[in-house]
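Shown next, in structure tokens, is the structure this report addresses.
The values are calculated or read from the model by the stated rules, or taken from the named source; none is laboratory data. Note that the coordinates shown come from a computational prediction; the quantities given were computed from them, not determined experimentally. Here the Cβ positions follow ideal geometry from the backbone for every residue, glycine too, while neighbour counts run over all protein chains shown.
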């Protein structure tokens with residue numbers, strides 16, 4: 001916790017250098033997740049090198065960077081989805097509300113209920129729309145009666161902006177929806193277990209521009225209710241939806257700060273080169 | 001000249017033609033330097049000439065092989081020795097056949113002295129026609145080679161022609177398998193039709209009394225009711241075997257795909273697949289000598305009446321074990337085909353591994369698993385060796401797994417073993433049973449393949 005306090009009090013600049021604590025300005029809301037000196041190894045290969053980032057409640061945090069820079073890998077550390085890869089090894093400290101999520105007493109099932117995730121390709125289960133949303137509440141025992149469950153399904157779909165489109169066909173298969181609708185269904189599914197953080201791994205990369213715009217609008221609406229972290233390779237999208245941006249390159253965090261600063265006045269040359277399209 | 005030497009000679013001629021065709025064609029590129037003026041590469045010209053040399057000659061030999069025996073017989077009959085032959089067609093035929101086999105070296109001595117006198121004319125005729133055929137074939141090979149060699153021109157579309165011939169050869173290969181299936185089906189139908197002209201199909205398909213040995217009487221006599229056989233087949237192959245194979249196969253597939261460490265899987269999967277390679281006769285004596293007596297003793301000790309040492313259970317359980325790798329590998333494939341995004345989605349919701357398997361993976365893989373099970377059933381009901389050795393012969397209609405039942409395949413073996421007359425309904429019944437089995441397994445396979453295909457489309 002001392003480290004955490006240090007980081008909030010001492011930093012004035014909105015950028016950081018590697019391995020020091022990231023900056024949090026006033027008005028960002030409470031700190032939700034912190035990461036310190038995180039390394040990720042796939043076997044012998046180091047995929048993430050010494051990354052420290054803070055995720056706050058009221059901001060949308062975007063991870064940008066060229067393909068293979070480790071931004072998705074890092075995102076998957078935040079809900080321990082890297083556990084599913086046998087050769088992956090994560091070191092460093094990652095906390096959620098001050099609790100170490102890699103501590104032995106941390107229950108990964110509980111963690112993932114608190115830190116939800118939306119994937120690159122929409123992945124609704126081959127079940128009805130209703131059952132897709134009800135899946136999480138059912139496995140976590142969130143609803144005791146049918147009415148409770150109905151309410152959760154309706155609220156989640158409303159929050160994801162999908163209720164109006166599907167309320168008459170909740171028993172249709174989730175896979176029968178369009179790509180954009182499927183992705184919003186997946187967001188609704190994540191919302192249904194009432195998470196604190198939502199991780200989005202390139203949520204629009206498989207969608208057309210109109211569906212993308214809808215998802216971005218939705219991210220705006222969800223901001224403040226959930227801490228949101230989004231990985232994107234679309235820099236305009238990062239500029240549109242996020243307040244904080246982290247630029248990754250070859251597994252290291254090059255720069256992390258206020259989105260507008262990163263895009264208009266980056267401190268690091270690498271960031272400037274990437275943003276101006278010189279590589280990536 | 002024997003057939004194999006002739007064949008070799010024609011192939012050699014083909015090789016020579018290939019060489020000369022190539023040589024001629026490779027000159028084209030010297031005289032025709034403009035791009036595209038020579039249509040095909042020299043190699044194609046070589047093959048073009050070679051095929052012209054070999055193809056017609058071999059085709060001629062095939063036709064000649066069928067046509068020459070009649071010509072030889074005619075020539076032999078025209079000889080002076082033939083005048084002493086009896087007028088009776090049957091006696092004449094047998095003498096001629098004997099003479100022929102002596103002449104061609106298949107038989108050493110004749111029973112009938114008349115045959116001996118016919119040997120010489122036969123020998124002359126055979127050598128005459130063989131030489132004639134060989135000369136004609138070689139001439140044809142020469143003619144084909146020379147004709148096509150003369151036709152070689154820079155603009156000859158040799159490549160297109162060779163491509164077409166290649167395609168036709170491949171088509172022929174694929175047709176052979178299909179035509180064989182059709183042929184088998186046709187022969188089954190033909191023999192079954194003869195059976196059904198003696199026994200009514202209704203009696204056969206819906207009769208409940210199977211006792212074919214009793215049949216020697218007039219048309220319409222019972223004893224060919226196949227229901228007990230169908231029941232026994234279903235009981236052993238589709239019920240008992242599947243009760244063993246489905247849970248074990250499915251669970252082993254789940255373990256191997258979801259839980260096993262890669263190194264364990266790398267060992268375990270081949271071992272499981274070796275089970276599929278064990279000859280069924282080995283399973284058969286395992287069932288008959290080990291499992292069946294143990295099960296009978298067990299049944300007797302807990303007081304089940306009618307326990308037989310040829311129990312349905314023994315055959316069914318062993319057959320189930322035989323089918324496990326089959327079910328397991330089909331289930332393995334369909335679980336592996338479920339996109340990992342689906343599994344990750346569920347895990348990211350905070351579902352445990354077993355919840356993910358139960359609620360997402362299995363339902364998503366179900367069509368593929370069902371398809372695999374249907375294929376397994378179709379294999380189990382067609383399986384012969386295990387049931388012949390371990391299941392009984394008594395056509396009982398019973399649901400007691402410790403008693404003896406019989407199956408379609410067991411009865412087919414039973415009906416066709418030993419000396420049989422091929423016009424008695426008892427023998428022909430085997431074909432009718434085979435037809436039913438063929439149709440049922442065909443339908444099962446069709447449905448299963450369709451289900452699996454539909455499932456594959458959903459995820460690709």
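Going by the conditions given, is residue A:54 over 17 Å from the mean Cα position of the chain (by Cα), outside any loop (DSSP other than H, G, I, E, B) and away from chain B (no Cβ under 14 Å)? No, not satisfied.
Quick check on segment B:371-381. Is at least one of its residues within 10 Å of chain A (Cβ to nearest Cβ), assigned to a helix (DSSP H, G or I) and farther than 15 Å from residue A:137 by Cα?
Applying the first criterion (within 10 Å of chain A (Cβ to nearest Cβ)) to segment B:371-381 yields none.
So far as segment B:371-381 goes, no, none of its residues is within 10 Å of chain A (Cβ to nearest Cβ), assigned to a helix (DSSP H, G or I) and farther than 15 Å from residue A:137 by Cα.
Is it the case that segment A:158-174 has a residue that's more than 12 Å from chain B (Cβ to nearest Cβ) and closer than 20 Å to residue B:351 by Cα? The answer is no; no qualifying residue exists.
Tally time: how many residues in segment B:340-361 are surrounded by fewer than 17 Cβ atoms within 10 Å (Cβ to Cβ), under 44 Å from the mean Cα position of the chain (by Cα) and either outside any helix (DSSP H, G or I) or within 7 Å of another protein chain (Cβ to nearest Cβ) (or both)? Lay out the reasoning, then the answer.
Taking segment B:340-361 as the starting set, the residues that turn out to be surrounded by fewer than 17 Cβ atoms within 10 Å (Cβ to Cβ) are B:340-341, B:352-354, B:358.
When the remaining residues are screened for being under 44 Å from the mean Cα position of the chain (by Cα), the result is B:340-341, B:353-354, B:358.
Now drop any that are not either outside any helix (DSSP H, G or I) or within 7 Å of another protein chain (Cβ to nearest Cβ) (or both), which leaves B:341.
Number satisfying all stated conditions: 1.
When residues in segment A:65-97 are screened for being within 18 Å of the chain's Cα centre (by Cα), more than 20 Å from residue A:254 (Cβ to Cβ) and surrounded by fewer than 14 Cβ atoms within 10 Å (Cβ to Cβ), 1 of them pass. Regarding segment A:135-143, can at least one residue be identified that is within 13 Å of another protein chain (Cβ to nearest Cβ) and either more than 24 Å from residue A:229 (Cβ to Cβ) or touching a residue at least 60 places away in the same chain (Cβ under 8 Å) (or both)? There is at least one residue in segment A:135-143 that is within 13 Å of another protein chain (Cβ to nearest Cβ) and either more than 24 Å from residue A:229 (Cβ to Cβ) or touching a residue at least 60 places away in the same chain (Cβ under 8 Å) (or both). Sub-8 Å Cβ pairs linking a first residue in segment A:78-90 that is within 11 Å of another protein chain (Cβ to nearest Cβ) to a second residue that is surrounded by fewer than 17 Cβ atoms within 10 Å (Cβ to Cβ) and not in a strand (DSSP E or B), at least 6 apart or interchain, are A:80/A:108; A:83/A:108; A:86/B:261; A:86/B:262; A:87/A:43, ordered by first then second residue. Do we find a residue being touching a helix residue (DSSP H, G or I) at 6+ places or on another chain (Cβ under 6 Å), away from chain B (no Cβ under 14 Å) and crowded, with 19+ Cβ neighbours inside 10 Å anywhere in segment A:106-129? Yes, some residue in segment A:106-129 is touching a helix residue (DSSP H, G or I) at 6+ places or on another chain (Cβ under 6 Å), away from chain B (no Cβ under 14 Å) and crowded, with 19+ Cβ neighbours inside 10 Å. Residue under question is residue A:188, and the condition is that it be surrounded by 24 or more Cβ atoms within 10 Å (Cβ to Cβ), in contact (Cβ under 8 Å) with a residue 12 or more places away in the chain and in a helix (DSSP H, G or I); does it hold? Considered against the rule, which asks whether it is surrounded by 24 or more Cβ atoms within 10 Å (Cβ to Cβ), in contact (Cβ under 8 Å) with a residue 12 or more places away in the chain and in a helix (DSSP H, G or I), residue A:188 comes out as yes.
Only residues that are within 14 Å of another protein chain (Cβ to nearest Cβ) and surrounded by fewer than 24 Cβ atoms within 10 Å (Cβ to Cβ): list them for segment B:317-339, please. Show your work before the answer.
Start the filter on segment B:317-339 by keeping residues that are within 14 Å of another protein chain (Cβ to nearest Cβ), which leaves B:334-335, B:337-339.
Answer for segment B:317-339, where residues must be within 14 Å of another protein chain (Cβ to nearest Cβ) and surrounded by fewer than 24 Cβ atoms within 10 Å (Cβ to Cβ): B:335, B:337, B:338, B:339.
Put simply, of A:238, A:227 the only residue that is away from chain B (no Cβ under 14 Å) and within 12 Å of the chain's Cα centre (by Cα) is A:227.
Regarding residue A:201, is this residue closer than 21 Å to residue A:238 by Cα and either modelled with pLDDT of 90 or more or within 14 Å of chain B (Cβ to nearest Cβ) (or both)?
Values: closer than 21 Å to residue A:238 by Cα: yes; either modelled with pLDDT of 90 or more or within 14 Å of chain B (Cβ to nearest Cβ) (or both): yes.
Yes, satisfied.
Is there a residue in segment B:88-103 that is in contact (Cβ under 8 Å) with a residue 12 or more places away in the chain, part of a loop (DSSP other than H, G, I, E, B) and in contact with a helix residue (DSSP H, G or I) (Cβ under 6 Å, 6 or more places away or on another chain)? So far as segment B:88-103 goes, no, none of its residues is in contact (Cβ under 8 Å) with a residue 12 or more places away in the chain, part of a loop (DSSP other than H, G, I, E, B) and in contact with a helix residue (DSSP H, G or I) (Cβ under 6 Å, 6 or more places away or on another chain). The set of residues from segment A:238-257 being free of Cβ contacts under 8 Å to residues at least 40 places away in the same chain and farther than 19 Å from residue A:268 by Cα comprises just one member, A:240. Among the residues that make up segment B:383-390, is at least one of them within 14 Å of chain A (Cβ to nearest Cβ) and in a helix (DSSP H, G or I)? No, every residue in segment B:383-390 fails to be within 14 Å of chain A (Cβ to nearest Cβ) and in a helix (DSSP H, G or I).
Of the residues A:151, A:132, which is away from every other protein chain (no Cβ under 14 Å) and either in contact with a strand residue (DSSP E or B) (Cβ under 6 Å, 6 or more places away or on another chain) or modelled with pLDDT of 90 or more (or both)?
Working: A:132 fails: away from every other protein chain (no Cβ under 14 Å).
Of A:151, A:132, the one residue that is away from every other protein chain (no Cβ under 14 Å) and either in contact with a strand residue (DSSP E or B) (Cβ under 6 Å, 6 or more places away or on another chain) or modelled with pLDDT of 90 or more (or both) is A:151.
Here residue B:401 meets the list (1) in contact (Cβ under 8 Å) with a residue 12 or more places away in the chain; (2) closer than 19 Å to residue B:205 by Cα almost entirely, failing just condition (2).
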